[in-house]
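Novice: My questions will all concern the structure given below.
The values are calculated or read from the model by the stated rules, or taken from the named source; none is laboratory data. Model, not experiment: these values are computed from the prediction. Note: ideal-geometry Cβ built from the backbone for every residue, glycine included; neighbour counts use all protein chains shown. Side chains included, ligands, DNA and RNA excluded: accessible areas come from the protein's heavy atoms. Shrake-Rupley method; radii C 1.70, N 1.55, O 1.52, S 1.80 Å.
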Amino acid sequence: MTLSSLLRRYSSPVFSTKRLVSMSQYGSSKKPTLAIRREDNSVWERRAPLSPGDVRHLVKQNIDVILQPSNRRSYSMEEYRQAGAKIDEDLSAASLVLGVKQVPIDLLMPDKTYAFFSHTIKAQEANMSLLDAILEKNVRLIDYEKICDEKGLRTVAFGKYAGVAGMINILHGLGLRLLALGHHTPFMYVGPTHNYRTSELARQAIREAGYQISLGMLPQSIGPLTFVFAGAGNVSQGAQEVFRELPVEFVDPQHLSKVAERGATNKVYGCVVDMEDHLVRKNGGPFNFQEFQAHPERYASNFSRLIAPYASVIINGIYYAPNDPRLISIPNCKELLQPSNMPWLPSSPGCPRLPHRLLALCDISADPGGAMEFMQSCTTIDHPFILYDAESNTSKERYCL
């Protein structure tokens with residue numbers, strides 16, 4: 001469920017949008033007013049928490065909507081104006097301020113209610129100063145990540161779309177990485193996500209790359225390419241939707257090693273790895289989801305031993321909590337990046353074998369030091385890729401050694 005659909009739910013006969021807004025008014029009887037703030041977390045941020053259609057719906061419910069001016073949004077200010085929003089730099093009249101990403105500390109208005117992704121619920125170090133400021137300024141924070149239904153499932157999430165965007169970006173990055181290692185591939189025709197006006201245009205480019213792959217245009221010396229999807233939730237499903245635009249064969253985890261070594265090169269291989277595929281009880285016995293949720297310390301992961309050695313690309317979409325077992329530790333990564341031994345692949349000075357099987361990690365979950373321990377920082381559109389050196393446990397912004 002998106003934020004807009006959540007608001008529509010609250011404006012049904014059972015739930016009132018006025019109720020949602022007025023909860024932040026501390027008993028005030030004024031006409032409910034909410035504001036849409038201007039995103040300033042990144043120059044590339046063009047999203048908005050509500051569309052003009054959502055604003056029109058709220059205005060019909062006798063709710064004032066203030067829009068902070070910005071030419072960067074995907075929707076124009078005129079579209080919002082026609083929907084009934086009031087364009088104003090000053091948001092102080094609103095009791096509820098909606099955004100997408102974190103609000104700069106100096107722009108937080110005291111004694112207001114804000115709704116945005118704060119990225120603080122796991123005590124993320126980079127945002128602890130923001131949380132301190134929220135407390136100091138008596139701000140009520142509604143974090144989208146903590147809006148859940150009666151079953152405890154999140155109702156506001158970009159998970160599927162994060163998977164779509166992440167998959168497009170890693171295919172783009174894979175093309176750059178392989179070129180740096182001496183191999184031109186059809187992935188070079190896939191651009192970064194933000195360069196496409198719609199996801200369908202990106203999918204079209206991926207289909208064209210897939211057509212070239214089906215014709216045998218992947219170099220034989222790189223061997224079969226295997227894509228491992230860690231997790232089966234919304235993030236993984238979004239990534240898989242994009243991946244299926246390529247000529248794909250999905251295999252079970254127990255068959256991954258076989259296709260990694262002897263698979264074809266006129267298609268790519270996918271493998272979805274869920275919890276029960278890599279988590280094992282330390283004291284023996286079958287995997288139990290409820291037990292794992294309550295006592296993750298009772299489990300260990302064999303992902304780095306049974307899955308990762310046969311992956312060309314890993315797409316990580318799992319939720320990681322501090323006590324969860326890691327998928328790949330720093331020592332694991334050093335082992336995974338040892339030279340691969342595949343003497344049956346053709347090789348020559350101009351057509352070299354790959355230095356190791358694992359080429360790329362797309363960590364969409366973005367938990368630095370988490371499931372992928374060696375991933376210590378998040379990339380950005382300006383700095384989309386880093387190259388990890390397992391020997392020194394350091395990272396640098398480049399595509400080749």
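Novice: Does residue 345 fit the bill of being assigned to a loop (DSSP other than H, G, I, E, B) and open to solvent by less than 60 Å² (accessible area, probe 1.4 Å)? If you could, list the steps in order and put the result at the bottom.
Specialist: Working: assigned to a loop (DSSP other than H, G, I, E, B): yes; open to solvent by less than 60 Å² (accessible area, probe 1.4 Å): yes.
Taking the combined requirement at face value, the residue satisfies it.
Novice: Shifting gears a bit: Go through segment 356-370 and give me each residue that's closer than 23 Å to residue 164 by Cα, part of a loop (DSSP other than H, G, I, E, B) and at pLDDT 90 or above.
Specialist: Filtering segment 356-370 for residues closer than 23 Å to residue 164 by Cα gives 358-368, 370.
The next check asks that each one be part of a loop (DSSP other than H, G, I, E, B); those that pass are 358-359, 364-368, 370.
Across segment 356-370, the qualifying residues are 358, 359, 364.
Novice: Within segment 192-214, how many residues turn out to be over 18 Å from residue 267 (Cβ atoms) and either touching an Asp or Glu at 6+ places or on another chain (Cβ under 8 Å) or among the acidic types (Asp, Glu) (or both)?
Specialist: 1
Novice: Please specify each residue of segment 248-271 satisfying the condition of being in contact with a strand residue (DSSP E or B) (Cβ under 9 Å, 6 or more places away or on another chain) and open to solvent by 30 Å² or more (accessible area, probe 1.4 Å). Break it down stepwise before answering.
Specialist: We begin by selecting, within segment 248-271, every residue in contact with a strand residue (DSSP E or B) (Cβ under 9 Å, 6 or more places away or on another chain); these are 248-253, 255-256, 259-260, 263-264, 267-271.
Across segment 248-271, the qualifying residues are 248, 249, 250, 252, 255, 264, 267.
Novice: While we're on this one: If I filter segment 101-119 for residues that are touching a strand residue (DSSP E or B) at 6+ places or on another chain (Cβ under 8 Å) and either closer than 19 Å to residue 268 by Cα or β-branched (Val, Ile, Thr) (or both), do I get at least one hit?
Specialist: yes
Novice: Return only the number of the condition from (1) small (Gly, Ala, Ser); (2) surrounded by 15 or more Cβ atoms within 10 Å (Cβ to Cβ); (3) outside any loop (DSSP other than H, G, I, E, B) that residue 232 does not satisfy.
Specialist: Tallying (1) small (Gly, Ala, Ser); (2) surrounded by 15 or more Cβ atoms within 10 Å (Cβ to Cβ); (3) outside any loop (DSSP other than H, G, I, E, B), residue 232 fails exactly one: (3).
Novice: Also, quick follow-up: Residues in segment 304-314 that are under 26 Å from residue 294 (Cα atoms) and not in a helix (DSSP H, G or I): how many?
Specialist: Looking only at that region, the number is 1.
Novice: Then there is this: Determine if segment 309-324 includes at least one residue that is more than 30 Å from residue 263 (Cβ to Cβ), free of Cβ contacts under 8 Å to residues at least 60 places away in the same chain and open to solvent by 60 Å² or more (accessible area, probe 1.4 Å).
Specialist: Taking every residue of segment 309-324 in turn, at least one turns out to be more than 30 Å from residue 263 (Cβ to Cβ), free of Cβ contacts under 8 Å to residues at least 60 places away in the same chain and open to solvent by 60 Å² or more (accessible area, probe 1.4 Å).
Novice: While we're on this one: Restricting to segment 327-340, what's the tally of residues that are over 20 Å from residue 178 (Cβ atoms) and surrounded by fewer than 17 Cβ atoms within 10 Å (Cβ to Cβ)?
Specialist: Number of matching residues: 5.
Novice: Continuing with this model, one more query. With the requirement that a residue be touching a residue at least 40 places away in the same chain (Cβ under 8 Å) and either more than 22 Å from residue 380 (Cβ to Cβ) or open to solvent by 70 Å² or more (accessible area, probe 1.4 Å) (or both), what does segment 191-207 give you?
Specialist: 203, 206, listed by residue number.
Novice: Given the criterion within 30 Å of residue 224 (Cβ to Cβ) and of a type in the set (A, V, I, L, M, F, W, C), identify the matching residue among 128, 167.
Specialist: When all the criteria are applied, what remains is 167.
Novice: Quick one: which strands (runs of 3 or more DSSP E) lie wholly within segment 33-122 and hold at least 1 residues that are of a type in the set (Asp, Glu) and crowded, with 18+ Cβ neighbours inside 10 Å?
Specialist: Hits in segment 33-122: 64-67.
Novice: So which residues in segment 61-112 are among the polar types (S, T, N, Q) and more than 19 Å from residue 45 (Cβ to Cβ), if there are any at all?
Specialist: 61, 62, 82, 92, 95
Novice: Then there is this: For segment 123-167, which residues satisfy the criterion of being within 14 Å of the chain's Cα centre (by Cα), closer than 21 Å to residue 377 by Cα and part of a loop (DSSP other than H, G, I, E, B)?
Specialist: Correct list: 158 only.
Novice: Here is a further query. Looking for whichever is touching a strand residue (DSSP E or B) at 6+ places or on another chain (Cβ under 7 Å), in contact (Cβ under 8 Å) with a residue 40 or more places away in the chain and closer than 30 Å to residue 44 by Cα here; the options are 381, 364. Which one fits?
Specialist: 364
Novice: Looking only at segment 165-190, count how many residues are over 30 Å from residue 347 (Cα atoms) and open to solvent by 20 Å² or more (accessible area, probe 1.4 Å).
Specialist: The total comes to 1.
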